[in-house]
Amino acid sequence: MRGEYNAADSLGNPGRRKLLEVDMKRIAFVNQRYGREVNGGSEYYTRLIAEHLNKEYEVEVLTTKALDYTTWEDHYTEDVEDINGVTVRRFSVDRPRDMKRFLKINDVIPTNTKRTPEEEEEWMDEQGPYCPKLINYIRQQAKEYDLFIFVTYLYYTTCRGIEEVANKAVLIPTAHDEPYIYFSIFQKEFHLPKAIVYLTEEEKEFVQGRFHNEEISSVVTAVGVDLPPQTCTQEEIAKLPKDPYLIYVGRIEGGKGCGELFSFFEEYKRRNPNQVKLVLMGKEVLEIPKHPDIIYLGFVSEEMKFEGIRRSMALVLPSYFESLSISVLEALQVKTPVLVNGHCHVLKGHCTRSNAGLYYKGYEEFEGSVNYLERHPEERAAMGENGALYVERDYQWGAVVHKLKTLFDNAMED
């Protein structure tokens, strides 16, 4: 699409017009879910990147109508909508996930060293979101876009879509060491794109060691951190404990290590009858223990999220598997140290490069880290200052956009 573009043609919104330069390229981000309500790492990352690149390109997002990642059932009703200036095209999921069937397959195939490619393909269809309409659109409209950016290697939308437009595809894998990445079907996916965006040096080292795809052009960059322009209300502040507390922000689920966090924290309170609390913000997928020092606040505003992080003695992230962690960067930006799972190389890397966090492996180190943070406020403040400098140095939007634009432009010229 070139020249003057009237958004009313595709969005049915006569109040919005966008004049495009003649040479403005049209790019599409492909992600399994997308929306203001979507609470997920790669989905939130996609929204941030899409909105910040919207001044450089004509940006669209191709996604499903799903909101719930456990079922992939259609939630959104509109086929096309505008979100913060980005055109979002949604496609119905043909077959919502049968959880009973998926769990049965997921319990067997990933750990079966003798699995066949056909079994892996079956797993991918059940993993979903099973959305042939989206793949058909990519195939049929490929000539209308200059570049497709597929975010997250793990899902049907990337695995099936990248095969259709490999000659104009960029992959942002958000990969880490987990059983699925050893599936044979991903060998092709990691060798097909014209370029790859890695979020950290640890991710790049792992992926290239796994797939030996060093010949593919790549860049290491992540996101900037946007602080909300306003502060939260006094009513929101009143919900935060006055006692010292750790804070967890994100989906509360077993896959994020929350079960272990709960176990560790309950043991910590048995051994340390102090005033330290654990505050949780996000969607409850895993049942939260009933404990007087565990405070669940559910979904909160961006303003309250940042205020909660700012007032905490540390943001805790117990996940074994992360490719970046925006919440860690947000904490460091507001001068709050982090306490992370040392088994995750990416999270450990943030701590060692920034000197703004502690990492633990096992309960004893968790207990020692919490007590150190609680008993050493001056050192905690110094770590906070280090964190802000780290984000200022490596995670500013100007540098991120420049790196992405350079890689994307080169991919479109080759």
Positive-pole candidate from 135, 105, 336, dipole of the chain, charges at beta carbon: 336
Once you place label points 7 Å from the Cα toward the Cβ at residue 205 and residue 275, how far apart are they in nm? 4.1
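Rounded, prolate or oblate, given the Cα gyration tensor of segment 234-394, with a/c below 1.5 counting as rounded?
Values: a/c = 1.26, a/b = 1.15, b/c = 1.09.
The shape class here is rounded.
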In the chain, taking the dipole from +1 charges on Lys and Arg beta carbons and -1 charges on Asp and Glu beta carbons about the Cα centre, the listed residue (96, 358, 241) farthest towards the positive end is 241
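If each residue of separation counts as 0.36 nm, what is the full-extension length gain between residue 122 and residue 141 once their alpha-carbon separation is subtracted?
Stretched out fully, the residue 122 to residue 141 stretch lengthens by 4.2 nm.
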Scoring segment 179-316 by relative contact order with C-alpha pairs under 8 Å, at least six apart, yields a percentage of 25
Tensor-based shape of segment 241-298 (alpha-carbon gyration tensor, a/c under 1.5 rounded, otherwise prolate or oblate): oblate
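Using unit Cβ charges (K, R positive; D, E negative) and no other charged atoms, how large, in debye to the nearest 20, is the dipole of the chain about its Cα centre?
On the way: 51 positive and 68 negative charges, 85 e Å.
With Lys and Arg at +1 and Asp and Glu at -1, about 400 debye.
State, as an integer percentage, the relative contact order of segment 49-134 based on alpha-carbon contacts under 8 Å between residues 6 or more apart. Numbers along the way, then the final one.
On the way: 122 pairs, mean separation 25.6, N = 86.
In percent, rounded to a whole number, it is 30.
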Label-point gap, in nm, between residue 113 and residue 413 - each point 7 angstrom along Cα→Cβ: 4.8
Check the straight Cα-Cα distances from residue 290 and name the lysines below 29 Å, setting aside those fewer than 8 residues away within the same chain. 100, 239, 242, 256, 269, 277, 305, 361
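Determine the relative contact order of the chain: mean sequence separation of Cα pairs under 8 Å and six or more apart, normalised by residue count, in whole percent.
Values: 776 pairs, mean separation 49.8, N = 414.
Result for the chain is 12 percent.
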Find, among the trypsin sites (Lys or Arg not before Pro) in segment 156-262, those assigned to loop by DSSP (not H, G, I, E, B) with at most 12 other beta-carbon atoms within 10 angstrom. 242
Quick check on segment 323-384: take the gyration tensor over C-alpha atoms, sort the square-rooted eigenvalues as a ≥ b ≥ c, and tell me if it's rounded (a/c under 1.5), prolate or oblate. oblate
Taking springs between alpha-carbon atoms closer than 10 angstrom, which of 141, 187, 127 fluctuates most in the Gaussian network model of the chain? 141
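Between beta-carbons, use under 11 Å as the cut-off and find the net charge around residue 93, counting Lys and Arg +1, Asp and Glu -1.
Working: positive: 33, 65, 90, 95, 97, 133; negative: 68, 73, 74, 94.
Value of the local net charge: +2.
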Taking the Cα centre as origin and putting +1 on Lys and Arg beta-carbons and -1 on Asp and Glu beta-carbons, what dipole magnitude results for segment 277-414, to the nearest 20 debye? 180
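If Lys and Arg each add +1 and Asp and Glu each add -1, what is the summed charge of the other residues whose beta carbon sits under 14 Å from the beta carbon of residue 402?
Values: positive: 55, 403, 405; negative: 56, 394, 409.
Result for the neighbourhood of residue 402: 0.
So which trypsin sites (Lys or Arg not before Pro) in segment 22-123 are both in a DSSP loop and have at most 16 other Cβ atoms within 10 Å of their Cβ? Numbers along the way, then the final one.
Numbers: sites: 25, 26, 33, 36, 47, 55, 65, 89, 90, 97, 100, 101, 104, 114, 115; in loops: 25, 33, 36, 55, 65, 97, 114, 115.
Here the sparse-neighbourhood loop sites are 36, 55, 114.
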Give the distance, in whole Å, between the Cα centre of segment 172-207 and the Cα centre of segment 380-404. 25
Out of 238, 169, 399, a Gaussian network model of the chain with alpha-carbon springs under 10 Å gives the largest mean-square fluctuation to 238
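How much net charge surrounds residue 225 when only the other residues with a Cβ under 11 Å from the Cβ of residue 225 are counted, with Lys and Arg +1 and Asp and Glu -1?
Values: positive: none; negative: 226, 330, 392, 394.
Local net charge: -4.
No lab work stands behind these numbers, since they all come straight from the coordinates. Computed from a predicted structure; not experimentally measured. So basically every Cβ, Gly included, is an ideal-geometry build from the backbone, and we count neighbours across all protein chains shown.
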